[in-house]
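Please read the structure below before turning to the comments.
The values are calculated or read from the model by the stated rules, or taken from the named source; none is laboratory data. Note that the structure is a prediction, hence the values are computed from the model and not measured. When we count neighbours, we look across all protein chains shown, and the Cβ atoms used for this are built from the backbone with ideal geometry, even at glycine.
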């Protein structure tokens, strides 16, 4: 499975977790979720999969169920793993 950050970005923007350039602010996301800055940075960038703790924090803070954030890998991506 691969992490789809599109919904997270939409929710973060709606919550005002953006910087002056309109980009998602990972530090603001970290504060809102109550996770470390590196976990939030990875989450915002879509690097790896969120831990269950982070996924639960996203659900609490933004109302996005963890199942909505995960999508299957493309066939080409699966072949390279």
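When residue 64 is tested against the conditions (1) modelled with pLDDT under 95; (2) assigned to a helix (DSSP H, G or I), the lone failure is (2). Filtering region 40-56 to residues that are touching a helix residue (DSSP H, G or I) at 6+ places or on another chain (Cβ under 8 Å), part of a helix (DSSP H, G or I), touching a residue at least 12 places away in the same chain (Cβ under 8 Å) and farther than 16 Å from residue 9 by Cβ leaves only 52.
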